[in-house]
Structure formats: C-alpha cells, structure tokens
Amino acid sequence: TESELTVTLYWQATATPSRNYTVFTHLLRADGTLFAQLDSPPVGEAWLMTTWVPDEVVVDRRVIPFPTAVGEPLTLVVGFYDEAVVRLPVTVETTLQSNDQLRLREIQP
C-alpha cells in the first residue's frame, strides 16, 4: 500500500526567470538517502517559469506518493534543477545550503 504527502509551496520570483526549471521535492531518511520524491515543473507545466511576473506568488501543490511502512522520521527538502540536472544554489540569508536544497521540515508519516 501507498500513502501520500501533500505539500503546498509558494514561489515568488524577484525577476522573470530566463528559463524553466524543475522543482524537486524529496523525502530523505535520517542517513540522507532518498526515500520518496516528486520532481516536476512548478504547477506541473501549467505555469511555465519564463512567464512568471516579478513579485507574483505562484501556488504549487504537490502530492508525493510513498510506501506506507516508513518506521522512521523523514526530512522534506526542496530545490530547483535545470535541463542538465544541475541544481541551483540555495541560500538562506547569506548561508549556502548543503546539497543545494532547502530543508523544510521533519515529518513523521
């Protein structure tokens, strides 16, 4: 059996992106290995990033399927990558985040 985690992300660009990117939403085990994932453009392909207007808020609802038997807490991380699967750097204030990902929260499925 499978379960799912619904996540709503809110994106706001300071300028219109010059190209489209893919958002990764990953659930990681405590040792950092990938447990489950959903990688897709924001809002599917319904709202290409190259059409985003500066300061516009884009609501991106994602449903990540995963096996029901987890047995451990998981960490939800997100980020962007380009067509060559190169991740964009992620900074919080002025600190570069490891693995070019933003750690959102720990969950206990």
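The values are calculated or read from the model by the stated rules, or taken from the named source; none is laboratory data. Every value quoted in this text rests on a predicted model; they were computed, and no experiment measured them. No Cβ is skipped: glycine too gets one built from the backbone with ideal geometry, and neighbour counts run over all protein chains shown. Please note that ligands, DNA and RNA were not included when accessible areas were found on the heavy atoms of the full protein model with its side chains. Shrake-Rupley method; radii C 1.70, N 1.55, O 1.52, S 1.80 Å.
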By residue number, the members of the stretch 1-23 that are farther than 12 Å from PHE80 by Cβ and of a type in the set (Gly, Ala, Ser) are SER3, ALA15, SER18
Apart from one, (1) among the acidic types (Asp, Glu); (2) open to solvent by 40 Å² or more (accessible area, probe 1.4 Å); (3) within 12 Å of the chain's Cα centre (by Cα) all hold for GLU72; the odd one out is (3)
Here the residues within the stretch 24-45 that are within 17 Å of ARG87 (Cα to Cα), among the hydrophobic types (A, V, I, L, M, F, W, C) and open to solvent by 30 Å² or more (accessible area, probe 1.4 Å) are LEU34, LEU38
- Message: Just to be sure before I move on: is ASP55 acidic (Asp, Glu) and part of a strand (DSSP E or B) in the structure I sent?
- Response: no
The lone condition ALA69 fails out of (1) modelled with pLDDT of 90 or more; (2) of a type in the set (A, V, I, L, M, F, W, C); (3) over 13 Å from TRP11 (Cβ atoms); (4) in a loop (DSSP other than H, G, I, E, B) is (1)
